[in-house]
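The values are calculated or read from the model by the stated rules, or taken from the named source; none is laboratory data. Please read these numbers as outputs of a predicted model, since none were measured by experiment. Cβ atoms come from the backbone with ideal geometry, glycine included; neighbour counts cover every protein chain shown. The accessibility values were calculated without ligands, DNA or RNA, using every heavy atom of the protein model including side chains. Shrake-Rupley method; radii C 1.70, N 1.55, O 1.52, S 1.80 Å.
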Amino acid sequence: MAFPKDFLWGGAVAANQCEGAYNEDGKGIDIQDIMPRGIKGAPTAEPTADNMKLVGIDFYHRYKEDVKLFAEMGFKVFRTSIAWSRIYPHGDDAEPNEKGLQFYDDLFAECHKYGIEPLVTISHYETPLHLAKKYNGWISHDLIGFYERYVRTIFTRYKGKVKYWLTFNEINSILHAPLMSGGIMTPREELSLSDLYQACHHELVASALATKIGHEMMPEAKIGCMILSMPTYPLTPNPDDIIKTMLANNLNDFFGDMHARGEYPGYMKRYFRENGIEIKTTPEELALMKENTVDFISFSYYVSICESADAKAEKGAGNLMGGKRNPYLKESEWGWQIDPQGLRFVLNRFYNRWQKPLFIVENGLGAKDELVDDGKGGKTVNDDYRIAYLNDHLVQVGEAIEDGVPVMGYTTWGCIDLVSASTAQLAKRYGFIYVDRHDDGSGTLARYRKKSFWWYKDVIASNGESLKK
Ligand code: BG6
């Protein structure tokens, strides 16, 4: 296997999906606190007891135990996000919340204690609720200023402690999940494409600004963007399907093009023209984006999807966005089609297009797990299905590295069970570590090592040599 010596093996979570403690130590309410059904139901007026994220897996109080388990697996890197509303409870406050800042100081120190490098997402689906309600989230130009204040605060505080930063989680998802991804309160169906692309523009400007400030303040830091990758294949070789597929891929590649090349591509200008999309930009913003491209491209990868000019082709589910079903692939219990080779395809495609180092910061299988006796007086989960999924994807990462693609690292999604983003369930488990908590709110919150825990430990210790082709 071709994994480089300094390959960053690890796992990923997001604050809102694991921390809990939603109103402790000065944290403000964020949009997740009023989304008890994820993107599958309407937001509530106030946080409600059925919202699994309010407690999460109680990572806020148990992070020491959890980081120790990550260290036991040999993690080199741990991806998490900073909950914006722990630092600026309303988002537009003049002063940050010291207790929130202290929490991440402690968490990063705990990681460093074991030689684990933090990889931090600045904004992962957790816009402070006040920014959503008062400004309609990223539709408002004002968000750029609030984000800048937040970014300056965390860069100042964690300079020297965090080397790898991601500006926005799955930035392209704002088009599909405007509330979760962009803090936009207006329901999706009432938003025009101009509204949505204006919000995209604001995030893209903010991302370039964070990259600029990061480079100025922390010359040693690496700042990346984060894209939801879902390669779209033509359902048939019919040229109509090919063009439809090209156009679908364009709408996603737009976000990588902006971060790697720093300017609105011709295909996007045409798309704007033909769809009556008008957005406000300034020459200063366009120059900022041109001059401040990212150091690396990171992405999530779970599924591929097909596109077809035939409106009657069977629909397929995807991660936040859908398409047509691929007849050659099996799917997870949540209908996500499993395509390990798609990861090699994405890695090659992204590198050929952007010529930047790549970081796979999410990949994994959401599945129902059964906790059983391990025969030694403890409990475990025999998750061979998860091992098979991860093994097959990692083999394809190895293939891409052989293809010459520079891959910085790989962090599996939900390395410890957490609350799902799309469905807000805990039953959709991704972890190497089982957490005893259930969707009815019951459970002890105890942690148990799954079979995949030992498997991943071997993969890391052997730097990928133990993977089975
Ligand atoms: C990505 C998100 O969309 O996929 C994560 O960045 C999310 O926040 C992950 O949890 C898996 O999706 P889900 O809906 O199964 O939690």
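Quick one, could you list the DSSP H helices from the chain stretching 18 Å or more along their long axis (Cα atoms) with average Kyte-Doolittle hydropathy of -0.5 or above?
Numbers: long enough: 59-73 (21 Å, -0.75); 98-113 (22 Å, -0.79); 142-158 (24 Å, -0.21); 193-217 (35 Å, 0.16); 239-260 (30 Å, -0.21); 340-354 (22 Å, -0.72); 384-402 (27 Å, -0.16).
Both cut-offs are met by 142-158, 193-217, 239-260, 384-402.
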(request) Find out how many positive minus negative residues lie around Asn16, taking Lys and Arg as positive, Asp and Glu as negative, among other residues whose Cβ is under 13 Å from that of Asn16. (result) -1
(message) Restricting to DSSP loop positions (anything but H, G, I, E, B) with no more than 12 other Cβ atoms inside 10 Å of their own Cβ, which trypsin sites (Lys or Arg not before Pro) remain in the stretch 15-109?
(response) Lys40
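Over all alpha-carbon pairs in the stretch 204-265, figure out the percentage whose distance exceeds 17 Å.
Working: 1013 of 1891 pairs.
Value for the stretch 204-265: 54 percent of Cα pairs lie more than 17 Å apart.
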(request) Determine the sum of side-chain charges near Glu117: Lys and Arg each +1, Asp and Glu each -1, restricted to other residues whose C-beta is under 11 angstrom from that of Glu117. (result) +4
(request) Could you tell me which of the pairs Lys161/Lys469; Lys40/Lys379; Lys64/Lys450; Lys134/Lys368 are separated by over 28 angstrom between their Cα atoms in the structure shown? (result) Lys161/Lys469; Lys40/Lys379; Lys134/Lys368
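Could you tell me what percent of the accessible area of the stretch 67-206 is made up of carbon and sulfur, with a 1.4 Å probe and every protein chain present? Mind showing how you got there, number by number?
Details: 2130 of 4220 Å².
Ligands and nucleic acids excluded, carbon and sulfur give 50 percent.
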(message) Bin width 20 Å, origin at 0, all Cα-Cα pairs of the chain: what percent of pairs per bin?
(response) 25, 62, 13, 0
(message) If I ignore ligands, DNA and RNA and count only protein heavy atoms, how much of His90 is accessible to a 1.4 Å probe, in Å² to the nearest 10?
(response) 90 Å²
(request) May I ask you to list the aspartates and glutamates whose Cα is less than 12 Å away from that of Lys324, ignoring any residue fewer than eight positions away on the same chain? (result) Asp241, Glu307, Asp310, Glu314
(message) Among Leu288, His141, Ile184, whose Cα projects farthest towards the positive end of the dipole of the chain, with charges put on the beta-carbon of Lys, Arg (+1) and Asp, Glu (-1)?
(response) Leu288
(request) Return, for the Cα atoms of the stretch 264-392, the radius of gyration and Dmax in Å, separated by a comma. (result) 20.5, 66
(request) Give the residue from Asn275, Ile122, Ala45 lying farthest towards the positive end of the charge dipole for the chain; charges sit on Cβ (+1 for Lys and Arg, -1 for Asp and Glu) and the dipole is referred to the Cα centre. (result) Ile122
(message) Using the Cα centre of the stretch 86-231 as the reference point, and only Cβ charges (+1 on K/R, -1 on D/E), how large is the resulting charge dipole? Debye, rounded to the nearest 20.
(response) 300 debye
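Nearest 20 debye, what's the magnitude of the dipole of the stretch 8-462 about its Cα centre given +1 on Lys and Arg Cβ and -1 on Asp and Glu Cβ? Numbers along the way, then the final one.
Values: 51 positive and 62 negative charges, 104 e Å.
The calculation lands at about 500 debye.
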(message) Leaving out ligands and nucleic acids, and using a 1.4 Å probe, what accessible area per residue does the stretch 292-389 come to in Å²?
(response) 44 Å²
(request) Could you size up the charge dipole of the stretch 25-75 around its Cα centre, putting +1 on the beta carbon of Lys and Arg and -1 on that of Asp and Glu, and report it in debye to the nearest 20? (result) 120 debye
(message) Taking the Cα centroid of the stretch 127-205 and of the stretch 8-48, what is the distance between the two, rounded to the nearest whole Å?
(response) 16 Å
